[in-house]
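Peer 1: Have a look at the structure that comes next, please.
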Amino acid sequence: MQNMQYPLTEKIGNPDLLVGREKEFRQFDKWLSRIPDKLGKSKAILARRKSGKTAFVQRIFNRLWSDNGAVIPFYFDIADRGVWYPDFAIKYYRTFASQYISFIERDEELVNLPLTLEQIREYGLKNSNKLLVDDIDSLLIDKKRRLHDSMWDTAHSAPHRFAASLNTRFLVILDEFQNITQYIYRDQNCSGKPDETLAGSFHSYSESKIAPLLVTGSYVGWLLKVIHQYLEAGRLKPMRLSPYLTQEEGLQAVYKYAQIYKEPITNETAVQINELCLSDPFFISCVIQSDYEDINLTTKEGVINTVNYEITDETAEMSLNWGEYIEKTVKRVNDRHAKNILLHLSQHASRYWTPQEIKDELHIELDVNKIQEKLLIMSEADVIDRGVSNIQFKGLSDGTLNLILRNRFEEEIKGFMPDLKQDFRTQIEALKTNEREIQGMLNHLSGKLAEHQLAAAFLSRKQFALSDFFQGVGDTTVLNLIDIQERVIFQQDGKTMEIDVVAESNCGRVVFVEVKKTKTQIGLKTLKEFQEKREIYSQQFPDKQILPAFLSLGGLTPDALQFCQAQGIGTAYRIEHF
């Protein structure tokens, strides 16, 4: 693959914030590799809101664009706001054509700043691209004649037509596909009813093997209903994207987010944050960035208080996002019985329940048919799952949703507020029984996150001798750290250098650590480069006493080790204290 580029500005922000999803990317890489041979069947990613699906598909776009291979990506976000039909057609075509030209010309700017119709036509004329010229002429003529259906035909068919004519392949990524049924209006003032049938435009193209679709949706029930009604179920292969990472990937996210947002944590609290946030990357990001006034993620109680704030405070990002989601999905059955049923199913999500069983269990004074009506509405709203039969329903296996529902509804239903803080303390206490397993996980993660783990280990101890972590250290006096920074950048004569961990003691000594995570031994050349950094840093801070150290997970060659011993550079092959 070519060097990774990010022409499409990803909603996640800093690209490093996309952590994990290795299993899912492997699955998609296999699927993408089949598209050039016309073997890629259209797909639908099903996932609730804040599951990371937009970040996932945007990264697929950027990877394909960077590869500059046989598959040209096209990404289009169908927004949840009203738009006039011909304007939608023009926006769709401008986005497609601009991204296509961007890919051909390797011009990143065109992905985020689409060309006008006139600029696209000019490019077509200049580069003898008759398809572009003819399409623009058709769009402009049809717009003047108010032939809006013809405009949309030209726009939405473009990827398939281009792929066929140019003997190439496109991947058509339509984010939030269900919105096409609710926000496109035939009326110029976007009044009246939206055109709910536009999803059907993709009926035949959903079977395209030269420009397959990849559609996503935040409201699974709604998206599935659109697919079944307009595209036929078998045309798009569904893939459910869990909102949760693996436990190891979740820990990786905690370290990465803490490093990027410069929020201090320790290795112990990293495990606690991941546990209480259920390895949910959105939940983790909310906690790391929390506006909680007394945030302190270096202690157990600090973690508990911050997590509790994000769940319970109505102004917290986590609570606000879920509040909006629940308000939108439950408003049609927003009564005490529905809340009671929803809370019960969420807390007993391991099995299916029938309306009669729910009536008997919760002693609801409603007709069974009325209960079933509420269940059907909630299943369509994606807050519960529906079974194979018409009378089977179960709660979502979604721990984050369960926490939100408990906080919002439990007092109303059961007459008392849940003690979430005590529940969190119990969860953290339970971690002690898995201490060996967690230690093994931390050791394994060192291959990816050693510099973050070392900084966290320094932070959690604060007072220690450098010889506790590194061998061959001449200065064994106890340090009292007052500042720890990662990836510190400094310059000399226009040359930019970076060091992985810099930790300052209140006595003026500075720990200066380079971290290498290769599986092979580090040689003399790398150590001499490190020594150069050390000398330059010392020149820039002459009043500081620099304590150099080198952590190499793959070890050091004999001459590199000898060099370290001669220069007073501490060495280590693993992190001794987590």
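Read the figures in this text as sums done on the coordinates, not as results from a lab. Given the structure is predicted, the values throughout are model-derived calculations rather than measurements. Please note: Cβ atoms are built from the backbone with ideal geometry, for glycine as well, and neighbour counts cover all protein chains shown.
Peer 1: Charges only on Cβ, +1 for Lys and Arg, -1 for Asp and Glu: so what's the dipole of the chain about the Cα centre, in debye to the nearest 20?
Peer 2: Working: 71 positive and 80 negative charges, 367 e Å.
Computed charge dipole of the chain: roughly 1760 debye.
Peer 1: Per-residue ellipticity at 222 nm for the chain, helices alone: DSSP H runs ≥ 4 residues times -39500 (n - 2.57), over residue total, nearest 500 deg cm²/dmol? Don't jump to the answer; show the numbers that get you there.
Peer 2: On the way: 22 runs with 277 residues, N = 578.
Mean residue ellipticity at 222 nm (helix-derived): -15000 deg cm²/dmol.
Peer 1: Which whole-Hz couplings ³J(HN,Hα) result when phi for each residue of region 315-321 is put into the Karplus expression 6.51 cos²θ - 1.76 cosθ + 1.60, θ = phi - 60°, listed in order with x for Gly and Pro?
Peer 2: Running phi through 6.51 cos²θ - 1.76 cosθ + 1.60 with θ = phi - 60° gives 9, 6, 4, 4, 5, 4, 5 Hz.
Peer 1: Now for a separate question. Describe numerically, in nm with one decimal, the distance between label points set 7 Å from Cα along Cα→Cβ at T477 and at Q545.
Peer 2: Placing both labels 7 Å along Cα→Cβ, they lie 0.3 nm apart.
Peer 1: Hey, for a label at N112 modelled as a point 7 Å past Cα toward Cβ, could you say which residues of region 143-175 have their backbone N under 15 Å away?
Peer 2: none
Peer 1: Right, another one. Say R0 is 22 Å: what FRET efficiency, to the nearest 0.05, do D29 and L166 get from their beta-carbon distance? Spell out each step's value before the answer.
Peer 2: Numbers: r = 24 Å, r/R0 = 1.09.
So the FRET efficiency works out to roughly 0.35.
Peer 1: Could you grab the relative contact order for region 462-572? Cα pairs under 8 Å, six or more apart, rounded to a whole percent. Numbers along the way, then the final one.
Peer 2: Values: 211 pairs, mean separation 29.9, N = 111.
Rounded, it is 27 percent for region 462-572.
Peer 1: Treat each spin label as a single point 7 Å out from the Cα along the C-beta direction, and report the Q356 to T315 distance in nm.
Peer 2: It is 5.1 nm.
Peer 1: Something else now. Which trypsin sites (Lys or Arg not before Pro) in region 192-299 pass both tests, a DSSP loop state and at most 13 other beta-carbon atoms within 10 Å? Present the calculation step by step, with values, prior to reporting the outcome.
Peer 2: Details: sites: K209, K225, R235, R240, K256, K262; in loops: K209, K262.
Here the sparse-neighbourhood loop sites are K262.
Peer 1: Near the amide H of G570, under 5 Å away, which other amide H atoms are found, from residues 5 or more places off or on another chain, if H is placed in the peptide plane?
Peer 2: Here the answer is A549, F550, since their amide H atoms fall under 5 Å of that of G570.
Peer 1: Now a separate question. For region 277-293, what does the Karplus curve 6.51 cos²θ - 1.76 cosθ + 1.60, with θ = phi - 60°, yield as ³J(HN,Hα) per residue in whole Hz, taken in order and with x for Gly and Pro?
Peer 2: Taking θ as phi minus 60°, the curve returns 8, 6, 6, 8, x, 5, 4, 4, 5, 4, 5, 5, 9, 3, 8, 3, 4 Hz for region 277-293.
Peer 1: Using Cβ counts within 10 Å as a stand-in for footprinting exposure, how do C507, C286 rank, fewest first?
Peer 2: Numbers: C507 12, C286 25.
Sorted ascending by nearby Cβ count, the order is C507, C286.
Peer 1: Still on this structure: Of L251, L223, L18, how do they rank once you tally other Cβ atoms within 10 Å and put the fewest first?
Peer 2: Values: L251 29, L223 26, L18 19.
Lowest count first: L18, L223, L251.
Peer 1: If I take R0 = 41 Å and measure r between the Cβ atoms of R574 and H348 in this structure, what FRET efficiency does the formula 1/(1 + (r/R0)^6) give, to the nearest 0.05?
Peer 2: Values: r = 44 Å, r/R0 = 1.08.
With R0 = 41 Å, the Cβ-Cβ based efficiency is 0.40.
Peer 1: Pairs K50/K262; K23/K525; K30/K517; K91/K143; K193/K339; K11/K262: which are spaced more than 25 Å apart, C-alpha to C-alpha?
Peer 2: Values: K50/K262 23 Å; K23/K525 36 Å; K30/K517 28 Å; K91/K143 13 Å; K193/K339 30 Å; K11/K262 20 Å.
The answer is K23/K525; K30/K517; K193/K339.
Peer 1: With r defined as the distance between the Cβ atoms of K91 and L147 and R0 fixed at 25 Å, what FRET efficiency is calculated, to the nearest 0.05? All intermediate terms of the calculation are to be shown ahead of the outcome.
Peer 2: Numbers: r = 17 Å, r/R0 = 0.70.
The pair K91/L147 has a calculated efficiency of 0.90.
Peer 1: Still on this structure: Would you work out which of G440, A158, Q463 lies farthest towards the positive end of the dipole of the chain? Charges go on Cβ: Lys and Arg +1, Asp and Glu -1.
Peer 2: Looking along the dipole axis, the top candidate is A158.
Peer 1: Hey, another quick one. Taking amide H atoms as placed 1.01 Å from N in the peptide plane, list the residues 5 or more away in sequence, or in a different chain, whose amide H sits under 5 Å from that of F464.
Peer 2: L479, L481
Peer 1: Okay, moving on. Using Cβ contacts closer than 10 Å as the measure, can you line up L449, L166, L171 from fewest to most?
Peer 2: Numbers: L449 21, L166 15, L171 25.
If I rank by nearby Cβ atoms, fewest first, I get L166, L449, L171.
Peer 1: May I ask you to derive the relative contact order of the chain, considering only C-alpha pairs under 8 Å and at least 6 residues apart, and to give it as an integer percent? Don't jump to the answer; show the numbers that get you there.
Peer 2: Working: 948 pairs, mean separation 63.6, N = 578.
Reported relative contact order: 11 percent.
Peer 1: Applying the Karplus parametrisation 6.51 cos²θ - 1.76 cosθ + 1.60 with θ = phi - 60° to the phi angles of region 51-65, what ³J(HN,Hα) value in whole Hz is obtained for each residue in order, glycine and proline being reported as x?
Peer 2: My calculation for region 51-65 gives 9, x, 6, 5, 4, 5, 6, 5, 5, 4, 4, 5, 5, 5, 5 Hz in order.
Peer 1: Okay, next question. For region 154-218 and region 247-264, write down the distance between their C-alpha centroids in whole Å.
Peer 2: 37 Å
Peer 1: Compute, for region 244-444, the length of the dipole vector about the Cα centre, with Cβ point charges of +1 (Lys, Arg) and -1 (Asp, Glu) only. Units Debye, rounded to 20. Walk me through the intermediate numbers first.
Peer 2: Details: 21 positive and 35 negative charges, 90 e Å.
Magnitude of the dipole: close to 440 debye.
Peer 1: Going toward the positive end of the dipole of region 244-444, with +1 on Lys and Arg Cβ and -1 on Asp and Glu Cβ, which of V307, S389, I341 do you reach last?
Peer 2: S389
Peer 1: Then there is this: If you keep only loop residues by DSSP, which GluC sites (Glu not before Pro) in region 203-265 have at most 15 other Cβ atoms within 10 Å of their Cβ?
Peer 2: Passing sites in region 203-265 are E232.
Peer 1: Quote the relative contact order of region 175-230 in percent (integer), defining contacts as alpha-carbon pairs under 8 Å separated by 6+ residues.
Peer 2: Details: 55 pairs, mean separation 22.4, N = 56.
This gives 40 percent for region 175-230.
Peer 1: Next question, about the same structure. Taking the Cα centre of each part, how many Å lie between region 1-75 and region 116-131?
Peer 2: Going from one Cα centre to the other spans 28 Å.
Peer 1: Between N68 and M4, what is the spin-label point distance in nm, taking each point 7 Å from the Cα along the Cα→C-beta axis?
Peer 2: Computed distance between label sites N68 and M4 equals 1.9 nm.
Peer 1: Excluding residues on the same chain fewer than 8 positions from K370, give the aspartates and glutamates whose Cα lies under 17 Å from its Cα.
Peer 2: D335, E357, D360, E361, E380
Peer 1: Roughly how many debye, to the nearest 20, is the charge dipole of region 206-298 about its Cα centre, given +1 on each Lys and Arg Cβ, -1 on each Asp and Glu Cβ, and no other charges?
Peer 2: Numbers: 7 positive and 11 negative charges, 152 e Å.
That gives a dipole near 740 debye.
Peer 1: Amide H neighbours of D77 under 5 Å, at least 5 residues apart or on other chains, H built in the peptide plane: list them.
Peer 2: Distant-sequence amide H within range of D77: D175.
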